[in-house]
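So the structure is just underneath, and the comments pick up after that.
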Amino acid sequence: QVQLVESGGGLVQPGGSLRLSCAASGINFSIYGMGWYRQAPGKQRELVATIRSGGSTYYVDSVKGRFTISRDNAKKTVYLQMNSLKPEDTAVYYCNAYMATLNYWGQGTQVTVSS
């Protein structure tokens, strides 16, 4: 079955960095688009960044210049490097794999930015 397993979340001070990882299994990873979403308490889940199978990327305006999404097809893993973190980045971060009508989600990893 399809599994997306996130890791790398935690507590970090404002201005700090974290690197999230999402390891995929059960899919032909290289042909899937991959994305990171986040959901803060009391808010809707929002798209953070995506990376297509060909490598092109998209970022929501609030993270441009601070976050970088990348993928390693050999390891079937997508990453989200988060720098200059702000308290408003606090959320549960979810990994997403998509292709046509197929859509899979990880269980999420908590990121808390606080002093």
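Here are the numbers for the structure shown:
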read-out	value
Among beta bridges that DSSP assigns inside the chain, antiparallel share in %, nearest 5	95 percent
Residues of region 63-95 with amide N under 12 Å of a point placed 7 Å along Cα→Cβ from residue 40	63, 86-92
Å² of accessible area per residue within the chain, as computed with a 1.4 Å probe and no ligands counted	52 Å²
Heavy-atom accessible surface of region 50-115: percent carbon and sulfur, 1.4 Å	49 percent
Linear extension gain, residue 86 paired with residue 57, 0.36 nm per residue minus alpha-carbon span	8.3 nm
Overall form of region 1-58 per C-alpha gyration tensor (a/c, 1.5; a/b vs b/c)	prolate
Lysines whose Cα lies under 16 Å from that of residue 64, excluding same-chain neighbours fewer than 8 positions away	86
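The values are calculated or read from the model by the stated rules, or taken from the named source; none is laboratory data. As the structure is a prediction and not an experimental result, all values here were calculated from the model. Positions of Cβ are generated from backbone atoms using ideal geometry, with glycine treated the same way; all protein chains shown enter the neighbour counts. Note: accessible area is taken over every heavy atom of the protein model, side chains too, but ligands, DNA and RNA are not part of it. Shrake-Rupley method; radii C 1.70, N 1.55, O 1.52, S 1.80 Å.
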